[in-house]
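Beneath this line is the structure, given in structure tokens, with notes to follow.
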Amino acid sequence: MDIARAAHLVEDDIVRFCQRLVRTPSLSGDEGAVAELLLDRLDRTFDEVFIDPLGSVVGRIDGGDGPSILFNGHMDTVPPGDREAWSCEPFCGTVVDGQVFGRGAVDMKGALAAMAFMGDVLAKAGIEPPGERIVCFVVHEETCEGLAMRHLLEEGRVHEPALVILGEATGLDLAIGHRGRAEVTLTTAGVSAHASMPHLGENALMGMTRVLDRLDTIQLPAHDLLGRGTQCAVGIGCSPGDGPVVPERCTVQVDRRTVMGETAEDVVDQYSELIESIGLEGALAKLRHHQLRCHTGLQVEGEAFYPAWLLPDGSALGQGCLRTLEAVGLSPEATVWNFSTDGAYTAGVRNIPTVGFGPGDESLAHRPDEHVPVSEVIRAATGYAAFAASGMRRVGGYEVGDE
């Protein structure tokens, strides 16, 4: 039986499971209930299933002695935001006009459902993978991309694969890279005083306005495929921040998107030089450092710099992956993501060959009325099984790991 037919036979089960995932809230740090659903599902068709100390779910299918392929997805979602902005309950999981609605539907529980049925599709198609196939459903991707994958690989809980398939939304195209991301904290210092006598203090908030007024003077580099780097101030806070007190400290969080070749030092230096040019004493720029609690209770840390990455233009791997998808009736094109993914670690840090393929429109992520097409979830399941089944030590004719 061919793979597309095999995926069609479990279509209803995949959709129902996708609905269950959407109906089970899994905000970052609270993914435990979804992890249990995924553990149970994988345990039915995978050869080994476990949960790591951070709470990420891992499943492994035995195969031949060919190169291993790792399929990556994240279990966590952002909060639903203003519920009045939704036309349905944010965690409804309802199918309307062929779309599954709810927070996380496109980012990325549609892909999780499709990957979780990989074993079923392969079994119905009568295919034994030519190499080990691993799925990693990770925690805390929304808060710190690559953090959970780093723990899995560096602690040896999964072997380093020859290829990583990221399941983030691509509209069933093939993503070959994305810009990087840096979370930069800008801080200005002042002197507190009673707000009725502001001349006796030095207002850190007013100092920060001088920095913000000049943010657009920073020269942001561009890349032919990835586009131009961007920056966006996404949060501000003052200390004390309440009552009739001149603020003695002000912080702003800046989301800075990077292109190939930019380092963490490059980015921080840009903001440090801006602050120095303004002449604000005590002001500084630094990368944000995350301290996160996992749903297992484990505390983990991560630096907020996620490098850009890109497959070489016209690479054999990219062309091979396109042919693999075309062979099961899909029509993908090469593309790049606007947002950042776990590929910032697998490709950007560890240099593992990485591509992306998933259902849904990335522009719907994190928005009210988020949804994913049922038809794309099923075709994604077909695509994942096609990657898993691609054989004779090759993906679409490309010897994995031999670029």
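Among the residues of the range 109-124, those that are surrounded by 22 or more Cβ atoms within 10 Å (Cβ to Cβ), more than 18 Å from the chain's Cα centre (by Cα) and outside any loop (DSSP other than H, G, I, E, B) comprise 118, 119, 121, 122. Going by what's in this entry, would residue 90 be described as modelled with pLDDT under 95, buried (at least 19 other Cβ atoms within 10 Å of the Cβ) and either touching a helix residue (DSSP H, G or I) at 6+ places or on another chain (Cβ under 9 Å) or within 14 Å of residue 59 (Cα to Cα) (or both)? So residue 90 does not fit the description; no. The residues in the range 143-165 that are more than 21 Å from residue 39 (Cα to Cα), charged (D, E, K, R) and surrounded by fewer than 24 Cβ atoms within 10 Å (Cβ to Cβ) can be counted, and the count is 2. Of the numbered criteria (1) in contact with a Gly (Cβ under 9 Å, 6 or more places away or on another chain); (2) assigned by TED's automatic domain parsing to the domain that holds residue 17; (3) assigned to a helix (DSSP H, G or I), the one residue 153 fails is (1). Is at least one residue of the range 67-87 more than 23 Å from residue 345 (Cβ to Cβ) and touching a Cys at 6+ places or on another chain (Cβ under 9 Å)? Scanning the range 67-87 turns up at least one residue that is more than 23 Å from residue 345 (Cβ to Cβ) and touching a Cys at 6+ places or on another chain (Cβ under 9 Å). Name every residue in the range 210-249 that is in a helix (DSSP H, G or I) and either in contact with a strand residue (DSSP E or B) (Cβ under 9 Å, 6 or more places away or on another chain) or over 29 Å from residue 307 (Cα atoms) (or both), in order of residue number. Of everything in the range 210-249, those that are in a helix (DSSP H, G or I) and either in contact with a strand residue (DSSP E or B) (Cβ under 9 Å, 6 or more places away or on another chain) or over 29 Å from residue 307 (Cα atoms) (or both) turn out to be 210, 211, 212, 215, 216. From the list 258, 217, the one residue that fits, being within 27 Å of residue 147 (Cα to Cα), of a type in the set (Ser, Thr, Tyr) and either assigned by TED's automatic domain parsing to the domain that holds residue 29 or in contact (Cβ under 8 Å) with a residue 40 or more places away in the chain (or both), is 258.
Among the residues of the range 130-147, those that are among the hydrophobic types (A, V, I, L, M, F, W, C) and either in contact with a helix residue (DSSP H, G or I) (Cβ under 9 Å, 6 or more places away or on another chain) or within 17 Å of residue 356 (Cα to Cα) (or both) comprise 134, 135, 136, 137, 138, 139, 147.
Filtered by the rule that a residue be surrounded by fewer than 19 Cβ atoms within 10 Å (Cβ to Cβ) and either assigned to a helix (DSSP H, G or I) or small (Gly, Ala, Ser) (or both), the range 259-269 gives 261, 264, 265, 266, 269. The residues listed here are 214, 210, 256; of these, the one that is surrounded by 12 or more Cβ atoms within 10 Å (Cβ to Cβ), more than 32 Å from the chain's Cα centre (by Cα) and under 18 Å from residue 187 (Cα atoms) is 210.
On the stretch given as the range 126-156, residues that are among the charged types (D, E, K, R) and over 20 Å from the mean Cα position of the chain (by Cα) total 4. In this structure, residue 251 does satisfy being out of contact with any helix residue (DSSP H, G or I) (no Cβ under 7 Å at 6 or more places or on another chain) and hydroxyl-bearing (Ser, Thr, Tyr). Here residue 277 fulfils each of the conditions (1) within 27 Å of residue 27 (Cβ to Cβ); (2) assigned by TED's automatic domain parsing to the domain that holds residue 194 apart from (1). Going by the conditions given, is residue 127 surrounded by fewer than 21 Cβ atoms within 10 Å (Cβ to Cβ) and either closer than 16 Å to residue 52 by Cβ or in contact with a helix residue (DSSP H, G or I) (Cβ under 6 Å, 6 or more places away or on another chain) (or both)? Criteria met by residue 127.
Here's the yes/no breakdown for (1) hydrophobic (A, V, I, L, M, F, W, C); (2) in contact (Cβ under 8 Å) with a residue 12 or more places away in the chain:
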position	(1), (2)
10	yes, yes
17	yes, yes
36	no, no
40	no, no
47	no, yes
52	no, yes
61	yes, yes
68	no, yes
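When the range 174-207 is limited to residues that are without any contact (Cβ under 8 Å) to a residue 60 or more places away in the chain and buried (at least 17 other Cβ atoms within 10 Å of the Cβ), the one that is nearest to residue 359 (Cα to Cα) turns out to be 205.
Yes/no per residue for (1) at pLDDT below 95; (2) of a type in the set (A, V, I, L, M, F, W, C):
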| residue | (1), (2) |
| --- | --- |
| 141 | no, no |
| 145 | no, no |
| 167 | no, no |
| 179 | no, no |
| 182 | no, yes |
| 189 | no, yes |
| 211 | no, yes |
| 225 | yes, yes |
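Could you tell me which of the residues 2, 30, 65, 13 is out of contact with any strand residue (DSSP E or B) (no Cβ under 8 Å at 6 or more places or on another chain) and at pLDDT below 95? 2 is the lone residue from the list that is out of contact with any strand residue (DSSP E or B) (no Cβ under 8 Å at 6 or more places or on another chain) and at pLDDT below 95.
The values are calculated or read from the model by the stated rules, or taken from the named source; none is laboratory data. Please read all numbers here as calculations on a predicted model, not as lab measurements. Cβ coordinates were reconstructed from backbone atoms using ideal geometry, including for glycine residues, and neighbour counts include every protein chain displayed.
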